[in-house]
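**Student:** This is the structure I have questions about; it appears just below.
The values are calculated or read from the model by the stated rules, or taken from the named source; none is laboratory data. Everything numeric in this text was worked out from a predicted model, so none of it was measured. Every residue, glycine among them, receives a Cβ derived from its backbone with ideal geometry; neighbour counts consider all protein chains shown.
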Ligand SMILES: NC(=O)c1ccc[n+]([C@@H]2O[C@H](COP(=O)([O-])OP(=O)(O)OC[C@H]3O[C@@H](n4cnc5c(N)ncnc54)[C@H](O)[C@@H]3O)[C@@H](O)[C@H]2O)c1
C-alpha cells in the first residue's frame, strides 16, 4: 500500500504505547484513524492528538474480548469514514507466574485477549477487505512468540507464538488477494505494558529476551509499522539482534535451548 493518504485505519490498544505511536504516525501520513481501547479516555486523547495532523480520527471504547463491540466499531467506522483499509490488532496483556501456578482462567483470559481478539477482528473486518480487494492487517506479536527465553510468562509467549502462526497462515491466504499482512515482533519497548501484567502464585522475576537489548521508543516502532504497510513487509523485528537469535536457534535448536536454560539458571 504505497499511498497512505486518505486511507482508513482501525487500531486496537491504540490508547497507549505502540498502538498510539502507530496511530500518530499513520495520521501524519494522511490516514484517518479509529483508535479503539478499553480505556476510553486514552482512546479519545490519542484520537484528538492524531487529528491535529489533519485527518478525521475517532476514539472509541472497545474491549477486544467482546465480539459485539467489534461489530459496533465496524458499523461506526463505515458510517463515519466510509470504509476500512488497515486493521492493526495490537492489544496484548501479560500473564505471569510459574507454569504450574497460573490458573486455567488466567490462561483463558490471556488467550482471549491476545489471540482470539484477532479472530474476532478477522470475522468482522476481513470480509470488508476481501470484498474491496485491498487492505493491510498488522498483528502485534512479540519476540516472546518467536523463541523461548523465559518460562515465567508462558500464556503470553504461547499466545504470541499463535499470533505468529495465525499471521503466517493469513499471509498465505491474503497475499494472492491483494491484502498485506504484517506480523510485528517487538523486543523491549518503553510503554505502559507493565500496567497489564497479572501475576499468579509465587513471586517471580521477569526475564528480558536478551541481556543488554535496548529498550526502544514506541515512536520508532510506529515508524516501522508505517514502513511495513507501505512496503508490504511480513515480519518486522524491532531489534536487529532478534534476527541473529533466530538464526542461532535454527542452526542448532538443542544448543540454543541448552544455552537459554543455562542463562536462566545462572541469572
Ligand atoms: N512494550 C514491549 O516491550 C512489547 C514487547 C513485545 C510485544 N509487545 C506488544 O505490543 C502490543 C502493545 O503493547 P504496548 O507495549 O504498547 O502496551 P501498552 O500497555 O502501552 O498499550 C496497550 C494498550 O492496550 C489497551 N488494552 C488492554 N487490554 C485491552 C482490551 N481488553 N481491549 C482493548 N484495549 C486493551 C490498554 O488500555 C493500552 O492502552 C501488545 O500486544 C504487546 O504484547 C510489547
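**Student:** Could you tell me whether segment 158-171 includes any residue that is buried (at least 16 other Cβ atoms within 10 Å of the Cβ), out of contact with any helix residue (DSSP H, G or I) (no Cβ under 8 Å at 6 or more places or on another chain) and in contact (Cβ under 8 Å) with a residue 24 or more places away in the chain?
**Tutor:** Going residue by residue through segment 158-171, those that are buried (at least 16 other Cβ atoms within 10 Å of the Cβ) are 158-164, 166-167, 170-171.
Going one step further and asking which of them are out of contact with any helix residue (DSSP H, G or I) (no Cβ under 8 Å at 6 or more places or on another chain), we end up with 167, 171.
Within this subset, residues satisfying the condition of being in contact (Cβ under 8 Å) with a residue 24 or more places away in the chain are 167, 171.
Within segment 158-171, one or more residues are buried (at least 16 other Cβ atoms within 10 Å of the Cβ), out of contact with any helix residue (DSSP H, G or I) (no Cβ under 8 Å at 6 or more places or on another chain) and in contact (Cβ under 8 Å) with a residue 24 or more places away in the chain.
**Student:** Can I ask one more? List the strands (runs of 3 or more DSSP E) that sit entirely inside segment 149-267 and contain at least 2 residues that are more than 14 Å from the chain's Cα centre (by Cα). Let's see the steps before the verdict.
**Tutor:** On the way: elements: 179-185, 197-199, 235-237.
The qualifying strands (runs of 3 or more DSSP E) are 179-185, 197-199.
**Student:** Considering only segment 79-97, I want to know if a residue exists there that is more than 13 Å from the ligand (Cβ to nearest atom), closer than 24 Å to residue 170 by Cα and surrounded by fewer than 20 Cβ atoms within 10 Å (Cβ to Cβ).
**Tutor:** Yes, because at least one residue in segment 79-97 is more than 13 Å from the ligand (Cβ to nearest atom), closer than 24 Å to residue 170 by Cα and surrounded by fewer than 20 Cβ atoms within 10 Å (Cβ to Cβ).
**Student:** Let me ask something else about it. I need the full set of residues from segment 59-78 which are in contact with a strand residue (DSSP E or B) (Cβ under 6 Å, 6 or more places away or on another chain) and surrounded by fewer than 22 Cβ atoms within 10 Å (Cβ to Cβ), in order please.
**Tutor:** Once the filter is applied, which keeps residues that are in contact with a strand residue (DSSP E or B) (Cβ under 6 Å, 6 or more places away or on another chain) and surrounded by fewer than 22 Cβ atoms within 10 Å (Cβ to Cβ), segment 59-78 yields only 60.
**Student:** From 82, 45, 13, 19, which residue is on the phi > 0 side of the Ramachandran plot and out of contact with any helix residue (DSSP H, G or I) (no Cβ under 6 Å at 6 or more places or on another chain)?
**Tutor:** Details: 45 fails: on the phi > 0 side of the Ramachandran plot; 13 fails: out of contact with any helix residue (DSSP H, G or I) (no Cβ under 6 Å at 6 or more places or on another chain); 19 fails: on the phi > 0 side of the Ramachandran plot.
Criteria check complete, one pass: 82.
**Student:** Please verify whether residue 66 is within 15 Å of the ligand (Cβ to nearest atom), at pLDDT 95 or above, closer than 17 Å to residue 93 by Cα and under 15 Å from the mean Cα position of the chain (by Cα), treating the condition exactly as stated.
**Tutor:** Considered against the rule, which asks whether it is within 15 Å of the ligand (Cβ to nearest atom), at pLDDT 95 or above, closer than 17 Å to residue 93 by Cα and under 15 Å from the mean Cα position of the chain (by Cα), residue 66 comes out as no.
**Student:** Counting just the residues of segment 1-18 that are over 13 Å from residue 57 (Cβ atoms) and outside any loop (DSSP other than H, G, I, E, B), which one comes out farthest from the ligand (Cβ to nearest atom)?
**Tutor:** This residue is 12.
**Student:** Taking the condition within 14 Å of the chain's Cα centre (by Cα), under 15 Å from residue 115 (Cα atoms), modelled with pLDDT of 95 or more and surrounded by fewer than 20 Cβ atoms within 10 Å (Cβ to Cβ), does residue 141 pass?
**Tutor:** When the stated conditions are applied, residue 141 does not pass them.
**Student:** Next question. Restricting attention to segment 179-197, which residues are more than 6 Å from the ligand (Cβ to nearest atom) and surrounded by 15 or more Cβ atoms within 10 Å (Cβ to Cβ)?
**Tutor:** Once the filter is applied, which keeps residues that are more than 6 Å from the ligand (Cβ to nearest atom) and surrounded by 15 or more Cβ atoms within 10 Å (Cβ to Cβ), segment 179-197 yields 179, 180, 181, 182, 183, 184, 185, 187.
**Student:** Let me ask another. Are there any pairs, at least 6 apart or on different chains, whose C-beta atoms fall under 8 Å, with the first in segment 8-19 and within 15 Å of residue 114 (Cβ to Cβ) and the second more than 6 Å from the ligand (Cβ to nearest atom) and part of a strand (DSSP E or B), and if so, which?
**Tutor:** If the second residue must be more than 6 Å from the ligand (Cβ to nearest atom) and part of a strand (DSSP E or B), the pairs left are 12/36; 12/88; 12/89; 13/36; 18/184; 19/11; 19/35; 19/88.
**Student:** If you don't mind, another one. Does residue 218 meet the test of being farther than 30 Å from residue 100 by Cβ and touching a strand residue (DSSP E or B) at 6+ places or on another chain (Cβ under 8 Å)?
**Tutor:** It is true that residue 218 is farther than 30 Å from residue 100 by Cβ and touching a strand residue (DSSP E or B) at 6+ places or on another chain (Cβ under 8 Å).
**Student:** What's the number of the only condition in (1) at pLDDT 95 or above; (2) more than 18 Å from residue 193 (Cα to Cα); (3) surrounded by fewer than 24 Cβ atoms within 10 Å (Cβ to Cβ) that residue 50 fails to meet?
**Tutor:** (3)
**Student:** Turning to a different aspect of this structure: Out of (1) touching a strand residue (DSSP E or B) at 6+ places or on another chain (Cβ under 6 Å); (2) part of a helix (DSSP H, G or I); (3) away from the ligand (no atom under 16 Å from the Cβ), what's the single condition that is false for residue 56?
**Tutor:** So the condition that residue 56 fails would be (2).
**Student:** While we're here: Are any of the residues in segment 33-49 farther than 30 Å from residue 177 by Cα, more than 13 Å from the ligand (Cβ to nearest atom) and in contact (Cβ under 8 Å) with a residue 24 or more places away in the chain?
**Tutor:** Checking segment 33-49: at least one residue is farther than 30 Å from residue 177 by Cα, more than 13 Å from the ligand (Cβ to nearest atom) and in contact (Cβ under 8 Å) with a residue 24 or more places away in the chain.
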